[in-house]
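Q: Okay, here's the structure, questions in a sec.
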Amino acid sequence: MKKYTCPDTVDKERILFLLHLPPPVHGSSQVGQWISDSVLINASFNCRYINLLASKSVDDTGRLSFSKVYNAFRLFFKVLCCIILFRPHKVYFALTTTGFAFYRDVIIVSILKIFRLKIFFHLHNKGIKSASKSKINFILYKYIFENAKVIILSKFLYDDIQCFVNEQNVEICANGIPNLKLLNSDKNYKDIKPLRILFLSNLIESKGVLVLLNALVILRKREVKFEAVFVGGGGDISSTQLEQFILDMDLSENVSYLGKRYDVEKQEIFESSDLFVFPTYYKNECFPLVLLEAMQFSLPIITTSEGGIKSIVEEGKTGFVIPQKDPQKLADKIEYLIQHPILLKDMRANAYRRYLELFTFERFENRIMEILSNK
C-alpha cells in the first residue's frame, strides 16, 4: 500500500471532518478519535474537527430529547461558521444512516451542498436499504448521495446502498485498530485444558449473549470441558440478569461474568483466552472492532455473517462463520476446535497474521489518506 508523508507545500488541502467522538464509546466514535489524533492526517492536511454526537452515553444513543434538538441547532451554526471561516476544500462526513440523527445530518448535508463542497461519506452503520422503504427516506437518501463519494467498510455492505450509489463512487476502507498490547508478554501457545472461551461486548441480546449461553449448556450436557468468560457492560440484558441466567442454566462452574474491563485488565483477559465467540445478529452490525482486537491477540473467532464480518474472518483459517441464532451449530464448532488442537493453534497464528496484513491502524490511516487525497 502507498505510504504518505507530509506534503512539502505550505498551503495544505483544507478538510473539515464531521465525525463522532467519545463519549459514548462505540465503534464509530473510536474510529473518529483515532482519526482526529492521527499524526499523519493532521500533518498532511489542514484539518478542522466537529463532533456530531449529542449522546453522552451508549444508553442515550438513539433517544430523542430536548437537549439533542437544541444541540442540533448549535451544530448547524458551528458547521456554517466553519465553512465560512475555514473554507474547506473537502468534507469527511461520518453519516448516521437512520433515526433522528439521520434527519439532522440531512440538514447538514444541505448546508454543505449550498457551498458545493465535495463530500466523502464514511458509513459506520447500515440500515439504508430497509429504511428506504419509506417514501420520504427514499427521496432523502437519493438527495444525500447524489454526486458524493461513499466509503464503506466491506464489499459485503455495498448491497445496503446499491440503490443510491453507483459502484464507481464507492471506496472500501476496512477499519484498523492501534496496537492495544500494553504488556510485553508473548502468549504461550502450549495446550491449555480446558479451553477458555471469551465473549466481550455490551450485554445486548442480539449480540448473541443467550445464543452463546445455550451453546454452553449443550457442551456441558456433552461433558465437554471448557471455561467461558463474559466481559462488558449492561445493555438490554443487565449484569444481574446475566448472572441469574448463568445460575438458572447450571453454568456457574464453567462460566463467569467479569463486568467491564479496560487497558491492562482487558489485555490480560485476551491473553488468557483461547477462543473468541461473537454470535451476533445485531441489525446494525457492520465491522465489529472487537473482532480485530481478538485477532491482534491471536484468538480464533466463531461468529456470524452479519454486516461485513465475512471480510474479517477467513472461514476455516482464522475461525468459523456460523448461521445466526443457532446454538447447536455454535456448540459443534467449539467442540470441534477442542478436539483438534493443532487446527486451533494454526488458527491462532493465522488470526494474528491476518490482523497484521489487513487491520492495523497504519493500513487504515494510509487508506483514508489515499481516498481523501483523490481529486
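The values are calculated or read from the model by the stated rules, or taken from the named source; none is laboratory data. All values reported here derive from a predicted model rather than from experimental measurement. Neighbour counts are summed over all protein chains in view; Cβ atoms, including those assigned to glycine, are modelled from backbone coordinates with ideal geometry.
Q: Could you check how many residues of segment 24-48 are in contact with an Asp or Glu (Cβ under 8 Å, 6 or more places away or on another chain) and without any contact (Cβ under 8 Å) to a residue 60 or more places away in the chain?
A: 2
Q: Mind listing whichever residues of segment 273-306 are among the polar types (S, T, N, Q) and modelled with pLDDT of 95 or more? Before you say what the answer is, go through the steps one by one.
A: Residues of segment 273-306 among the polar types (S, T, N, Q): 273, 280, 284, 296, 298, 303-305.
The answer is SER273, THR280, GLN296, SER298, THR303, THR304, SER305.
Q: Let me ask something else. Tally up the residues in segment 238-259 that are under 14 Å from PHE199 (Cα atoms) and either at pLDDT below 95 or in contact with a helix residue (DSSP H, G or I) (Cβ under 6 Å, 6 or more places away or on another chain) (or both), please.
A: Count: 2.
Q: Looking at (1) in contact (Cβ under 8 Å) with a residue 60 or more places away in the chain; (2) touching a Gly at 6+ places or on another chain (Cβ under 8 Å); (3) closer than 28 Å to LYS193 by Cα, which is the only condition PRO300 fails?
A: For PRO300, the exception is condition (1).
Q: If only one of SER201, SER132, SER110 is among the hydroxyl-bearing types (Ser, Thr, Tyr), within 24 Å of SER298 (Cβ to Cβ) and modelled with pLDDT of 95 or more, which one is it?
A: On the way: SER132 fails: within 24 Å of SER298 (Cβ to Cβ); SER110 fails: within 24 Å of SER298 (Cβ to Cβ).
Exactly one of SER201, SER132, SER110 is among the hydroxyl-bearing types (Ser, Thr, Tyr), within 24 Å of SER298 (Cβ to Cβ) and modelled with pLDDT of 95 or more, namely SER201.
Q: State whether one or more residues within segment 116-132 are among the hydrophobic types (A, V, I, L, M, F, W, C) and without any contact (Cβ under 8 Å) to a residue 12 or more places away in the chain. Lay out the reasoning, then the answer.
A: Pass one, segment 116-132, residues among the hydrophobic types (A, V, I, L, M, F, W, C): 117, 119-121, 123, 128, 131.
Then keep just the ones that are without any contact (Cβ under 8 Å) to a residue 12 or more places away in the chain; that gives none.
No, the conditions are met nowhere in segment 116-132.
Q: A further question follows. Consider segment 291-318. How many of its residues are closer than 19 Å to ALA228 by Cβ and either in contact with a Lys or Arg (Cβ under 6 Å, 6 or more places away or on another chain) or buried (at least 21 other Cβ atoms within 10 Å of the Cβ) (or both)?
A: Step one: of segment 291-318, the residues closer than 19 Å to ALA228 by Cβ are 291, 293-294, 297-304.
Filter once more, keeping what is either in contact with a Lys or Arg (Cβ under 6 Å, 6 or more places away or on another chain) or buried (at least 21 other Cβ atoms within 10 Å of the Cβ) (or both): 291, 294, 297-304.
Residues flagged as closer than 19 Å to ALA228 by Cβ and either in contact with a Lys or Arg (Cβ under 6 Å, 6 or more places away or on another chain) or buried (at least 21 other Cβ atoms within 10 Å of the Cβ) (or both) within segment 291-318 amount to 10.
Q: While we're looking at this one, here's another question. Any idea which of PHE164, PHE156 is part of a helix (DSSP H, G or I) and either under 29 Å from GLU314 (Cβ atoms) or assigned by TED's automatic domain parsing to the domain that holds GLN30 (or both)? Walk me through how you get there before you give the answer.
A: Numbers: PHE164 fails: part of a helix (DSSP H, G or I).
Of PHE164, PHE156, the one residue that is part of a helix (DSSP H, G or I) and either under 29 Å from GLU314 (Cβ atoms) or assigned by TED's automatic domain parsing to the domain that holds GLN30 (or both) is PHE156.
Q: LEU216 fails exactly one of the following numbered conditions: (1) of a type in the set (A, V, I, L, M); (2) surrounded by fewer than 17 Cβ atoms within 10 Å (Cβ to Cβ); (3) over 28 Å from ASN175 (Cβ atoms). What is the number of that condition?
A: (2)
Q: Continuing with this model, one more query. What is the number of the single condition among (1) within 25 Å of TRP34 (Cβ to Cβ); (2) assigned by TED's automatic domain parsing to the domain that holds LEU203; (3) out of contact with any Ser or Thr (no Cβ under 7 Å at 6 or more places or on another chain) that ARG367 does not meet?
A: Of the numbered conditions (1) within 25 Å of TRP34 (Cβ to Cβ); (2) assigned by TED's automatic domain parsing to the domain that holds LEU203; (3) out of contact with any Ser or Thr (no Cβ under 7 Å at 6 or more places or on another chain), the odd one out for ARG367 is (2).
Q: Do you know which residues across segment 134-153 are of a type in the set (Ser, Thr, Tyr) and outside any helix (DSSP H, G or I)?
A: To start, the set of residues in segment 134-153 that are of a type in the set (Ser, Thr, Tyr) comprises 134, 141, 143.
The answer is SER134, and nothing else.
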